[in-house]
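Beneath this line is the structure, given in structure tokens, with notes to follow.
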Amino acid sequence: MIAWKDLRDWLKEVEKIGELARIKEEVDWDEELSALTYLTGKKIGGPALFFENVKGYPKGNRVLSNILGSSLPSA
């Protein structure tokens with residue numbers, strides 16, 4: 001069993017194994033962010049997405065999505 005102290009530890013581990021995509025470009029929270037998450041989730045084993053620049057929100061506010069990835073093929 002693997003234990004992490006906090007989300008930062010988990011992010012480091014996931015990034016180390018290549019399963020975290022950091023998205024530094026500005027994304028719109030209303031449609032872009034969810035569309036990217038949806039499309040990534042349709043890919044088997046898609047990475048977790050870490051949005052670092054969400055339009056309309058102060059610097060430092062970030063969003064993590066698709067943390068479990070997709071384990072089933074899309075229909």
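Answer yes or no: is there a residue in the stretch 12-19 that is under 14 Å from VAL63 (Cβ atoms) and either among the aliphatic types (A, V, I, L, M) or crowded, with 16+ Cβ neighbours inside 10 Å (or both). Within the stretch 12-19, none of the residues are under 14 Å from VAL63 (Cβ atoms) and either among the aliphatic types (A, V, I, L, M) or crowded, with 16+ Cβ neighbours inside 10 Å (or both). If you filter the stretch 60-75 down to residues that are under 18 Å from LEU11 (Cβ atoms) and of a type outside the set (A, V, I, L, M, F, W, C), you find that the one that is modelled with the lowest pLDDT is GLY69. Could you grab me the full set of residues in the stretch 8-45 that are hydrophobic (A, V, I, L, M, F, W, C) and under 23 Å from LYS55 (Cα atoms)? Across the stretch 8-45, the qualifying residues are LEU11, LEU20, ALA21, ILE23, VAL27, TRP29, LEU33, ALA35, LEU36, LEU39. Just checking, does the stretch 21-34 include any residue being exposed (fewer than 13 other Cβ atoms within 10 Å of the Cβ) and among the small types (Gly, Ala, Ser)? No, the stretch 21-34 contains no residue that is exposed (fewer than 13 other Cβ atoms within 10 Å of the Cβ) and among the small types (Gly, Ala, Ser).
The values are calculated or read from the model by the stated rules, or taken from the named source; none is laboratory data. Owing to the predicted nature of the structure, the values given are computational and were not obtained by experimental measurement. Backbone-built Cβ (ideal geometry, glycine too); neighbour counts: all protein chains shown.
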